[in-house]
1. As an exercise: evaluate ALA48 against (1) among the hydrophobic types (A, V, I, L, M, F, W, C); (2) modelled with pLDDT under 85; (3) exposed (fewer than 15 other Cβ atoms within 10 Å of the Cβ) and give the number of the one condition it does not meet.
2. What residue, of GLU70, GLU54, is under 20 Å from PRO93 (Cβ atoms), surrounded by 11 or more Cβ atoms within 10 Å (Cβ to Cβ) and among the charged types (D, E, K, R)?
3. Determine which member of the set LEU85, LEU62 is closer than 19 Å to THR111 by Cβ and free of Cβ contacts under 8 Å to residues at least 24 places away in the same chain.
4. Of ALA83, ALA78, ALA64, which residue is modelled with pLDDT under 90 and either touching a helix residue (DSSP H, G or I) at 6+ places or on another chain (Cβ under 6 Å) or surrounded by 12 or more Cβ atoms within 10 Å (Cβ to Cβ) (or both)?
5. Does the stretch 99-116 contain any residue that is farther than 27 Å from LYS22 by Cα, in a helix (DSSP H, G or I) and out of contact with any Ser or Thr (no Cβ under 8 Å at 6 or more places or on another chain)?
6. Give the number of residues within the stretch 118-128 that are at pLDDT 70 or above and either acidic (Asp, Glu) or part of a helix (DSSP H, G or I) (or both).
7. Limited to the stretch 35-79, what total is found for residues that are outside any helix (DSSP H, G or I) and either under 30 Å from PRO112 (Cβ atoms) or among the small types (Gly, Ala, Ser) (or both)?
8. Taking ARG115, is it modelled with pLDDT under 85 and surrounded by 13 or more Cβ atoms within 10 Å (Cβ to Cβ)?
Amino acid sequence: MPAAKKDPSTRARRNTASTASKLKGATVEAPKLPKRPKVFDDEGDLLADDWHPETLAWWEDLWAAPMAAEYHSSDRHALFLLAVLMDDFWLNPSTRLASEIRLQRQAFGLTPYDRRRLEWTIESTEEAKDRGTQRKARQGTPQPSPSVDPRSVLRAVN
């Protein structure tokens, strides 16, 4: 039998990163995207002079997420660059752009794995906890009463 764990308040080391944080659903005002740089193809034809609708949707989702409260004002410039990469990807998808986007978004906790690495946890609401408890109760296998021995079925067969 393993030894009982110490109470967290009595532990000498907490083993938490300085970035550890519990993210709450705080509302953060999304900064306005700057004017989109014009994009031309190889022949000099204009491909885009405004943001792609998917990029605009991503930008709104980004700032509506709980992680947005953790961003500093200086992060805004790197997020603008990431928005340009996202926009370029929607205009002309490539694996090179996808890999660069993957690398850039790691710093901002935009995937579950990145949030885990940064030790960011998203605070869940009481409603979500209640739904989980109800789901577990529905999926759970009913336990037989302690007075019924499940092995008695084997004796009845013989």
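The values are calculated or read from the model by the stated rules, or taken from the named source; none is laboratory data. Because the structure is predicted, anything quoted here is derived from the model rather than measured. Don't worry about glycine lacking a Cβ; one is built from the backbone with ideal geometry, like all the others, and counts go over all protein chains shown.
1. Unmet condition: (3).
2. GLU54
3. LEU85
4. The conditions single out ALA64.
5. yes
6. Result for the stretch 118-128: 2.
7. So the count comes out to 10.
8. Answer is yes for this residue.
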